[in-house]
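First the structure, in the form of structure tokens, and then the observations on it.
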Amino acid sequence: MSSAIVADTGGLLRALARNRDGGAPWPSYEETLRSASRVFVPSAILPEVDYFLRDDRPTMRKLISEIFDPGTTYRYEAVSPADIVRALQLDAKFADLQPGLVDCSVAAVAERTGVYRILTSDRRDFGALRVGARLDRALRPVP
């Protein structure tokens with residue numbers, strides 16, 4: 001098992017995606033998800049995940065079931081009011097990237113938990129965002 005990750009919408013969706021033949025179109029995402037010791041799922045990403053899985057309700061129901069099953073590596077991470085405040089600070093500081101509330105909430109959860117590996121398809125934003133008191137801690141987009 002590899003170290004923990006924080007899931008972003010795009011990375012989680014790629015990790016869960018299946019081709020018509022049942023194979024993984026993005027195997028590196030699937031492997032990153034499967035090999036993580038812990039997968040923090042910020043509450044802020046779930047509405048986006050739900051939207052993209054609106055035509056695949058069985059997959060959404062299975063994901064939610066797994067997120068709340070204590071026997072899995074998933075850990076639901078409620079985005080706190082302090083996380084929202086921090087997300088807005090990050091959004092203002094990195095306004096040129098236009099990261100938005102959800103991505104900045106993922107970054108705030110990463111900062112709070114000390115887990116800087118982000119399962120994401122948005123390498124541009126997460127590669128440029130910095131967290132920490134002095135904004136000197138880089139996030140690491142994976143895979």
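Comparing Cα centroids, segment 91-143 and segment 18-64 end up 20 angstrom apart.
Dipole magnitude for segment 1-101: about 180 debye, using +1 per Lys or Arg Cβ and -1 per Asp or Glu Cβ, origin at the Cα centre. Between the residues 128, 53, 85, the greatest Cα displacement towards the positive end of the dipole of the chain, with unit charges on the Cβ of Lys, Arg, Asp and Glu, is found for 128. With all protein chains in place and ligands, DNA and RNA left out, the 1.4 Å accessible area ranks 121, 43, 105 as 121, 43, 105, largest first.
Using the Cβ-Cβ distance between residue 98 and residue 17 with R0 = 25 Å, the FRET efficiency computed as 1/(1 + (r/R0)^6) comes to roughly 0.45.
Considering only 69, 103, 83, the Gaussian network model of the chain with Cα springs below 10 Å gives its largest mean-square fluctuation to 69. Here segment 88-130 is assigned +1 on the Cβ of each Lys and Arg and -1 on the Cβ of each Asp and Glu. Its dipole about the Cα centre then comes out at about 180 debye. Computing semi-axes √(5λ) of the Cα gyration tensor in Å directly from the structure and comparing it against (i) 25, 15, 15; (ii) 33, 18, 14; (iii) 22, 18, 15 singles out (i).
Shown is the FRET efficiency for residue 80 and residue 136, computed with R0 = 25 Å from the Cβ-Cβ distance and rounded to the nearest 0.05: 0.65.
The values are calculated or read from the model by the stated rules, or taken from the named source; none is laboratory data. In this text the structure is predicted, and so the values were computed from the model without any measurement. Quick reminder, even Gly has a Cβ in these numbers, built from the backbone with ideal geometry, and neighbours come from all protein chains shown. These accessible areas exclude ligands, DNA and RNA; they are computed on the full protein's heavy atoms, side chains included. Shrake-Rupley method; radii C 1.70, N 1.55, O 1.52, S 1.80 Å.
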